[in-house]
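The next block holds one structure in the form of structure tokens; read it before the comments.
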Amino acid sequence: MTEAAGAYRPPWFCVLPDDDAAGPLARRLSGQEAARTFKHTSGRPWLIASGWGKQLRTATAGPLKAVLIGSCPVSTARLRDLATRAAGTGQDEELAALPGSYYLITARRGVRSARGDVAGLNRLYYACVEGGWVLSNSPQHLADAAGTGVDRRWAALRLLAPSAPSPLVFSRSPYQGVTPIPPGSKAVLSPSRPVAVTRYWTPPEPVLPLDAGAERLREALARAVAARVASPPVASVQLSGGLDSAALAALAARARPTATTVLVTIGSRAADNPDERWARRTAGLLEGVDHLVLDPGSYPRIFQDLQSSQFALAEPAPFAASAARFRHTLRVLAERGSSAHLNGQGGDEALLAPLSYLPRAAARSVHRAWWHLRGHAALNRTSSLSLARAAATAGTYRQWLIRGADQLIAPASPAAALAGWEAPPRLPPWTAPEVIRDLRQELRAAAEAAEPVCGDIATHGTVARIRSVARRASLYRDAMHAAGVPGHFPYLDRSVIETALATLPEERTDPWAPKPLLTAAVTPLAPPGLLIRRDKGHYNHEIWTGLAAHHGELAELFHGSALSQAGLIDEKALRQHLAEAATRRLAPAFITETVALELWLRAARP
């Protein structure tokens, strides 16, 4: 492990205006360790970056300067050719549509622009610093430069589980005065003007049948995997035992025919969790792999060593409750020398459609939609009638948001959770009453102007789910970088996402055949019988046993808590619910998200 507690900051960059007012900030940033400075023709810095190494590449063509930061499997010559074409046309779209997951930053005649990816794995922010507008991937750098602190309203939004609705997610950052740029949008920085944010990406229409979608996905996913693992001397895959990770393992082994690929599986204490058995089966079918199964008996429990195992990250870590477990895994990977680790996060979100697809599917085939409806209802332990009613009565996006505001503390029905525009936002029972009131007002106000990503409810829901998991994946990636193990998430590449969205939802989602699009795409490239799993493991057992084993540590965490001091929770109610959690069977996300926010606020406070 390479990170000293509190000493690590992920790689960062700042884009500055061509203005003398930015001089003091530029000098401060340039003076930081290992910072690289790129200057415009005026001699003023326009980009200052640190920590990216070979992930930062540049190309200059006439008046255009282009910088790619991240993972992009194109040659320098190809990058130069595209920059030359962009300089001639004035359009950057070809550069933005390259495979991989990266930032694109350009400067042209005093105008700078920056954009992240469409999933939100590579996020951007802007703020006004000393009278000038600045763009950055790091909200901490902007907050430090602007002298602002944690945004309490943002912290309140983070209590919502499983996530705040999209309009609120992208309305605030962790810090006052620092504004996030929504994924799929770009920010333009011009002299003496505020930052202009415009949308550059629209989801494709779902029109492809399964065969055509599978052919495209086969190429996109194989390329995404090979771009990460073909060259490193040691590469690894997180092999959970599910279809997503099995596909990545097969493609990684195929991309490295002369080198060993390390597969890592975390054993489970639950006797009824089949993940380890399926992971061992997958590894046994692949050639050129070394399979490590981490013994659950010597593996840290969830909620263990909470305060001593956290990472210094931009936001509360989704793995905060299991940070000790994550550190243990990263230590194993670092000892093996992995310099590229693949993770299957985003597979469920990209490859499966939310069940709001059913009404539109019925317009194409009533019989097929009814067959799907029955299957989904059975899998999710709800009635076909309830699910059909929820899918048919979702209403407009604004109506859904207003209904969500009214129901923030009401139990979410299984059917409504499956077939709405997004997952219904809910607050834990220990939320302070005034916070509930304020969030209701904020959600209703947001509904007045909120627009979905597109008019198709299933496409919007898919994109919302992708962006939610991408936010979490970005924090996993930053923690892995801190440990010296670069992490990659191929299912969140633009080409993979667009292929999935372009495939008819009833073709890529089938209650009777798990992940039909993925299996059709990868089966021709994998050993026979590899992608046949039909069940799915779960980790609730790990959460409840960890809670029982470390209840005292959790109770201590919420004596004089930062959340309570900020007026966000009722500390007494929280401790009572924790004491009764095993019998009440609260939604695990209520507990893990509250723990993550508490630990992050403690570290972020002056």
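Key figures for this structure:
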read-out	value
Cleavage-rule hits, trypsin sites (Lys or Arg not before Pro), segment 575-606, DSSP coil, Cβ neighbours within 10 Å at most 13	585
Sequence-distant residues sharing a close amide H with residue 294 (under 5 Å, placed H)	265, 266, 267
Net charge, residue 351 excluded, C-beta distance under 10 Å - Lys, Arg +1, Asp, Glu -1	-1
Candidates per trypsin sites (Lys or Arg not before Pro) in segment 76-111, loop by DSSP, up to 15 other Cβ within 10 Å	109
Span from the segment 65-113 Cα centroid across to the segment 145-216 one, whole angstrom	21
Computed E for residue 287/residue 549 - FRET, C-beta separation, R0 60 angstrom, nearest 0.05	0.90
Inter-centroid distance (Cα atoms) of segment 285-333 relative to segment 421-491, Å	23
Shape call, segment 366-456: gyration tensor on alpha carbons, a/c limit 1.5	oblate
5 angstrom amide H check on residue 289, placed H, neighbours 5+ away	261
Phi to ³J(HN,Hα) by Karplus 6.51 cos²θ - 1.76 cosθ + 1.60 over segment 50-63, Hz, x for Gly, Pro	8, x, 8, x, 6, 6, 9, 10, 10, 8, 10, 9, x, x
Those trypsin sites (Lys or Arg not before Pro) in segment 512-567 that DSSP places in a loop and that have at most 11 other beta carbons within 10 Å	534
Global geometry of segment 12-199, whether rounded, prolate or oblate, following the gyration tensor of its Cα atoms and the 1.5 cut on a/c	oblate
Which labelled figure in [x] 1.08; [y] 0.99; [z] 0.94 is Cα Rg over 2.2 N^0.38 Å, once derived from the coordinates	[z]
Computed E for residue 407/residue 198 - FRET, C-beta separation, R0 56 angstrom, nearest 0.05	0.95
Relative contact order of the chain, pairs being alpha-carbon contacts under 8 Å that are 6 or more residues apart, as %	18
Contour excess over end-to-end distance, with Cα ends at residue 392 and residue 556 and 0.36 nm allotted per residue	54.4 nm
Length released on extending from residue 33 to residue 97, taking residue separation times 0.36 nm less the Cα-Cα span	19.8 nm
HN-Hα J in Hz across segment 316-333 - Karplus 6.51, -1.76, 1.60, θ = phi - 60°, x for Gly and Pro	x, 6, x, 9, 4, 5, 10, 4, 5, 5, 5, 4, 4, 4, 5, 4, 4, 5
Value of [θ]222 nm, deg cm²/dmol, for the chain, DSSP H segments ≥ 4, -39500 (n - 2.57) each, nearest 500	-13000 deg cm²/dmol
Longest segment of the chain lacking GluC sites (Glu not before Pro) that sit in a DSSP loop with at most 13 other Cβ atoms within 10 Å	288-579
Cα gyration tensor shape of segment 11-90, rounded if a/c is under 1.5, else prolate or oblate by comparing a/b with b/c	oblate
Computed lengthening from residue 111 to residue 587, 0.36 nm per intervening residue step minus Cα-Cα distance	166.6 nm
Note, ³J(HN,Hα) from phi for segment 478-494, Karplus 6.51, -1.76, 1.60, rounded to Hz, x at Gly and Pro	5, 5, 5, 4, 4, 8, x, 10, x, x, 9, 10, x, 5, 9, 5, 4
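Read the figures in this text as sums done on the coordinates, not as results from a lab. Bear in mind the structure is a predicted one, so any value in this text is a computation, not a measurement. Neighbour counts run over all protein chains shown; Cβ positions are idealised from the backbone, glycine included.
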